[in-house]
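Have a look at the structure below before the remarks.
The values are calculated or read from the model by the stated rules, or taken from the named source; none is laboratory data. Just so it is clear, the model here is predicted, and its values are computed rather than measured. Side chains are part of the model used for accessible areas, which takes the heavy atoms of the whole protein and leaves out ligands, DNA and RNA. Shrake-Rupley method; radii C 1.70, N 1.55, O 1.52, S 1.80 Å.
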Amino acid sequence: MTVRVADTELDVRITGAVRALPTVTPRDSDDGQPDAGALLCDLGALDRALADRGADPLEPRTWWLSAESGGTARAAQALRDRPAVGTVRVRDEIADALRSDPLGAGPRSALTALVPAAALLSATGFAVAAAGAARERAGDLAVLRALGAPRRRLARAVAAEQGLVVALSAALGLALGTVLTRLFVPLLVVTGEGRAPVPDLLVRLPPGPLAWLVAAALAVPLLVVAGTALRRPAPAPALRAEREG
């Protein structure tokens, strides 16, 4: 394609494309059409092409620098002490600004607060479901005990039945939560201009805290299941209740 650089038309060949690039902000043009973006060229090759056509070469106006580990702040301050350098932007400072931006920090804080609430709600639901299932099976267990079924075998059966329900529910909830988190969290966190951050938001689900969260959510229902399996009520009242029911 042909582009105009420094009042000189040049033929360029596009070798690749990226969706976003730092320092290139998408914006709408005057006619309402989306901005075409930008071209990333090798400065040396570009200046040689301009020189071949008798045009003045371009000078870099922005420099990208890397600092030693732990020396970013010192290097940035040294550059800022030189007025001729101009504006100095630090990647870590930009990341901190994005994390503290109200439009981005608000949804993250809300999601963080929802995590323990969701864990408590799921644990309560598991416990209530396990207790209800145990009450429904009380009559059947009483009949089996009256027929001579060993208590230990009945306890293992109850624990296996309720444990399987808890495990399947936890696995399904974990998978669904992971999918929803990766789908919707990037849509909720935006910059101060209401746009998606560049680079894209990194959604991480650390295994350690996630395992602790799952363990906390499963602690209550597992305790209820264990208590239900180990309790030894007399079969006579349960049989009378079953008969009356």
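Amide H to amide H, with H built 1.01 Å from N, Val24 comes under 5 Å of no residue 5 or more places away or on another chain. Per-residue accessible area (protein heavy atoms, 1.4 Å probe) orders Ser100, Ser69 as Ser69, Ser100, starting from the largest. For region 36-87, what does the alpha-carbon gyration tensor say about shape, rounded, prolate or oblate, given a ≥ b ≥ c as the root eigenvalues, a/c under 1.5 as rounded, and a/b over b/c as prolate? Prolate.
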